[in-house]
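Working notes, structure below.
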Amino acid sequence: MAIRLSACSSSSATFFAPSSFCHETETILKRKNFGIWVCQNNSNFHENKRFELKASNVQPLKAVSLQAGAPANSLDRVVNPVQEDCIPFLETVKEEYTLSIVVVGASGDLARRKIFPALFALFNDDRLPENFTIFGYARSIMTDEELRNMISKTVTCRVDKRENCNEKMDAFLRRCFYHSGQYSSEEHFLELDNKLKGKEAGRLSNRLFYLAIPPNMFVDVARCAKHRASSENGWTRVIVEKPFGRDIESSRELTRGLKQYLSEDQIFRIDHHLGEELVENLLVLRFSNLVFQPLWSRNYIRNVQLIFSEDFGTEGRGRYFDNYGIIRDIMQNHLLQILALFAMDTPVSLDAEDIRNEKVKVLRSVKPVQLEDVVIGQFKGDCDGNTSYPSYTDDMTVSNNSLTPTFAAATLFINNAQWDGVPFLMIAGKALHSKRTEIRVQFRHVPGNLYNHKSGTDLDNATNELVIRIQPDEAIYLKINNKVPGLGMRLDRSELNLLYKARYPREISDAYERLLIDAIEGERRLFIRSDELDAAWQVLTPLLKELEEKKVAPELYSYGSGGPVGVHYLAAQHNIRWGDFGYED
């Protein structure tokens, strides 16, 4: 709601503070029958108590403007409402706004599979504002109807299987439009701007650009959007997809290019894995459960494993993947972000900047990874009965002598008082035997354990382990030692298990849904800040350069296996129990 105070037309316009600024305890805010609000009985409210409200590109969705035309000394009285040349009451006006979402690269795979379905799920769940429009923008020639047909093939009525979903889908598709243009053409973006204004119909307009395009086009689109398609009376925000460069130098260059046209508050660097339910729950688990908080340090934790495993190969992404590899594609962003959330200190608050400040501290404390602490691998073809699986180099877009790793394991160390000496083993691989993303926390042995003689020779099997399974089958479970019922004394390793699908039967929202609604609402906790990105690249850039300069050959492993044998030696080198990877139900 916007509040407009109209007064005598001969008065000059002045901005006054709302009721919260009437600062003495004797001040009261009084509402008259016809809607007037005035500060009364405040002898300390002088005419210099005026506050100018300026428009900002990061203003909230519903902006509030206060205007007053009455002289300052008239605030302590109620103007006679029958004067013909004055309208001495506060008139409430509903400030309508509209949201325009522009998916740049709308004809691409990411837009079809993830972005449009996520937007529909938000619409189906009544999370989008009343007035919104979605525009697809790409170089492909396409009509509005063709875009809608493309979208309808990927969006589903999965959310709660609602009976009116088909009606909602039709309503959603009617909000979708298309504009064809070049990514570097300001003229084409001006044409887009004219179409957007036609849909916005003079309302307060907020615009969100999702750049589902290769990184080398980010700066051109940011320039065109800034000069020709920015909102004139609301906010403009831009979501950029990873990868954010190939190393620290290219990442900094990309950041400098974007900041020529956008402020840091306008840039939302998306890592969709940070939108996973269990990743967001990590802070809740850590900071709202006394049972875990005191244990979260080198005093009780022996090692931490961050595992990202996929049971398929490049699946048509060979050209892209061969240019980046598994370290840049997964480790530099997904796993380092999870590590930062796992290891950071308690933030001052849940404010986005407080959380991101703590993450930056952790990343700056991580030692650059050394070559001796890394194992890289590449999957080769394999046969399973009548089924054959291709090798990485069988992809027509990949060179036959490519040394790009499809698997990497690296041991990282954090140089601070809380985590000194604790190895963090990060594993990421494609074409493995299972699809899984999880955090495994292995605790130290119980000092002077009275039951060691009942645990056999492998004392590692007697230590506690906390497992946070991010996907699939989201779960949190703690492995404990327990007595097997009976007359004898026999110990068993049991699990205290929170399986999400059993505890929370409603389907968990997709990560893109959470991140899109956060960007729309201006919530930045799960988006990466520029200094955070820079600190992450400092950890891995020296390793990447050494691998490429020395042309280190990856160890081959069979498609569908547990990865290269070298990972077992790396784990043993740092006294990490290894063997549970991917085999648990």
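State all residues of the stretch 212-236 that are open to solvent by 10 Å² or more (accessible area, probe 1.4 Å), within 23 Å of Leu526 (Cα to Cα) and in contact with a Leu (Cβ under 8 Å, 6 or more places away or on another chain); if no residue qualifies, say none.
Hits for the stretch 212-236 are Ala212, Pro215, Val219.
State whether one or more residues within the stretch 384-397 are more than 22 Å from Leu285 (Cα to Cα), modelled with pLDDT under 90, open to solvent by 10 Å² or more (accessible area, probe 1.4 Å) and in contact with a Leu (Cβ under 8 Å, 6 or more places away or on another chain).
no
Take the conditions assigned to a loop (DSSP other than H, G, I, E, B), surrounded by 13 or more Cβ atoms within 10 Å (Cβ to Cβ), out of contact with any His (no Cβ under 7 Å at 6 or more places or on another chain) and aliphatic (A, V, I, L, M) and apply them to Ile517. Does it pass?
No; evaluated as a whole, the condition is false for this residue.
Do any residues in the stretch 257-283 that are part of a helix (DSSP H, G or I) have Cβ atoms under 7 Å from those of residues that are open to solvent by 20 Å² or more (accessible area, probe 1.4 Å) and among the polar types (S, T, N, Q), where the two are at least six apart or on different chains, and which pairs are they?
Qualifying pairs under 7 Å: Glu264/Ser530; Gln266/Asn57.
Suppose the filter is within 31 Å of the chain's Cα centre (by Cα), at negative phi and open to solvent by 20 Å² or more (accessible area, probe 1.4 Å); does Asp531 pass it?
So Asp531 passes the test.
What residue, of Leu190, Leu196, is open to solvent by less than 10 Å² (accessible area, probe 1.4 Å) and part of a helix (DSSP H, G or I)?
Among Leu190, Leu196, only Leu196 is open to solvent by less than 10 Å² (accessible area, probe 1.4 Å) and part of a helix (DSSP H, G or I).
Report, by residue number, each residue of the stretch 287-319 that is touching a residue at least 60 places away in the same chain (Cβ under 8 Å), under 21 Å from Ile508 (Cβ atoms) and either of a type in the set (Phe, Trp, Tyr) or surrounded by fewer than 21 Cβ atoms within 10 Å (Cβ to Cβ) (or both).
Within the stretch 287-319, Phe308, Glu310, Asp311 meet the criteria.
Among (1) in contact with a Pro (Cβ under 9 Å, 6 or more places away or on another chain); (2) open to solvent by 60 Å² or more (accessible area, probe 1.4 Å); (3) outside any loop (DSSP other than H, G, I, E, B), which single condition is Asn575 missing?
For Asn575, the exception is condition (3).
Could you list, in sequence order, the residues of the stretch 479-489 that are part of a strand (DSSP E or B) and open to solvent by less than 40 Å² (accessible area, probe 1.4 Å)?
Within the stretch 479-489, Lys479 is the sole residue that qualifies.
Scan the stretch 363-370 and give yes if some residue there is surrounded by fewer than 23 Cβ atoms within 10 Å (Cβ to Cβ), modelled with pLDDT of 95 or more and either polar (S, T, N, Q) or in contact with an Asp or Glu (Cβ under 8 Å, 6 or more places away or on another chain) (or both), otherwise no.
Within the stretch 363-370, one or more residues are surrounded by fewer than 23 Cβ atoms within 10 Å (Cβ to Cβ), modelled with pLDDT of 95 or more and either polar (S, T, N, Q) or in contact with an Asp or Glu (Cβ under 8 Å, 6 or more places away or on another chain) (or both).
Please indicate, with yes or no, whether at least one residue in the stretch 150-168 is of a type outside the set (Ser, Thr, Tyr), open to solvent by less than 10 Å² (accessible area, probe 1.4 Å), within 16 Å of Ser100 (Cβ to Cβ) and at pLDDT below 95.
No.
When you check Tyr557 against the structure, is it of a type outside the set (Gly, Ala, Ser), open to solvent by less than 20 Å² (accessible area, probe 1.4 Å), over 31 Å from the mean Cα position of the chain (by Cα) and more than 30 Å from Asp265 (Cα to Cα), yes or no?
It is true that Tyr557 is of a type outside the set (Gly, Ala, Ser), open to solvent by less than 20 Å² (accessible area, probe 1.4 Å), over 31 Å from the mean Cα position of the chain (by Cα) and more than 30 Å from Asp265 (Cα to Cα).
Let's see how each residue does on (1) farther than 30 Å from Glu249 by Cβ; (2) hydrophobic (A, V, I, L, M, F, W, C):
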position	(1), (2)
Arg514	yes, no
Ala519	no, yes
Leu533	no, yes
Ala536	no, yes
Pro554	no, no
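Name the residues in the stretch 342-351 that are in contact (Cβ under 8 Å) with a residue 40 or more places away in the chain and open to solvent by less than 10 Å² (accessible area, probe 1.4 Å), would you?
Selection gives Phe342, Ala343.
Which of the numbered conditions does Glu264 fail, given that it passes all the others? Conditions: (1) modelled with pLDDT of 90 or more; (2) open to solvent by less than 20 Å² (accessible area, probe 1.4 Å); (3) acidic (Asp, Glu).
Here Glu264 meets the rest and fails (2).
Considering (1) in contact with a Leu (Cβ under 6 Å, 6 or more places away or on another chain); (2) touching a residue at least 60 places away in the same chain (Cβ under 8 Å); (3) not in a helix (DSSP H, G or I), say which one Ser509 fails and leave the rest.
(1)
So, Asn400, is that one open to solvent by 80 Å² or more (accessible area, probe 1.4 Å), in contact with a helix residue (DSSP H, G or I) (Cβ under 6 Å, 6 or more places away or on another chain) and not hydrophobic (A, V, I, L, M, F, W, C) or not?
Answer is yes for this residue.
The values are calculated or read from the model by the stated rules, or taken from the named source; none is laboratory data. From a predicted model like this one, the values you see are computed outputs, not experimental measurements. Cβ atoms come from the backbone with ideal geometry, glycine included; neighbour counts cover every protein chain shown. Areas reflect the complete protein model, heavy atoms only, side chains present, ligands, DNA and RNA absent. Shrake-Rupley method; radii C 1.70, N 1.55, O 1.52, S 1.80 Å.
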